[in-house]
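Since every read-out is calculated from the coordinates, none of them should be taken as a lab result. All values reported here derive from a predicted model rather than from experimental measurement. Backbone-built Cβ (ideal geometry, glycine too); neighbour counts: all protein chains shown.
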Amino acid sequence: MTHLQKAQTYMAQTPGDGDGDSDADVVVKTRPKTKRPPLYKVLLLNDDYTPMEFVVHVLERFFGMNHAQAFEIMLTVHKKGVAVVGVFSHEIAETKVGQVMDFARRHQHPLQCTMEKE
Ligand code: TYC
């Protein structure tokens, strides 16, 4: 008997899935791992100099709030020192922060806006 014939005889007589190893009938379920991208809170900080109307305008202009919502959030920042004004993807949050900081600087107000991972 040749080596090939011996191997074929062995495979035919050996239980299992036919490839000679011990993984017969082992099924491993995989779940598609689609991790959602992290979200970032955009925060507005209080200061003593930026006019209230300017902050209200910022919230209307860059965060799509109506006047009542904007006034309410502005007052929260004024009283508590900070408030979350929106939650976004990293790229959108970065854009919002940049827009607010730019707008404040152009109007010579010290208003600060930052982002942090949720
Ligand atoms: N504290 C400011 C004032 O009294 C108003 C203000 C509110 C400033 C919110 C910044 O993010 C801010 N004029």
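The table below gives the values:
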read-out	value
Flagged links, alpha-carbon separation over 24 Å, of LYS33/LYS96; LYS29/LYS117; LYS35/LYS117	LYS33/LYS96; LYS29/LYS117
Rg in Å to one decimal, and Dmax rounded to a whole Å, for the stretch 49-117 via C-alpha atoms	11.3, 30
Alpha-carbon centroids, the stretch 85-102 and the stretch 28-71: separation in whole Å	7
Separation of the ILE92 and GLN112 label points, Cα + 7 Å toward Cβ, nm	2.6
Extended-chain gain in nm, criterion 0.36 nm per residue less alpha-carbon gap, GLN99 and LEU45	17.9 nm
Relative contact order %, the stretch 49-117, counting alpha carbon pairs below 8 Å whose residues are six or more apart	30
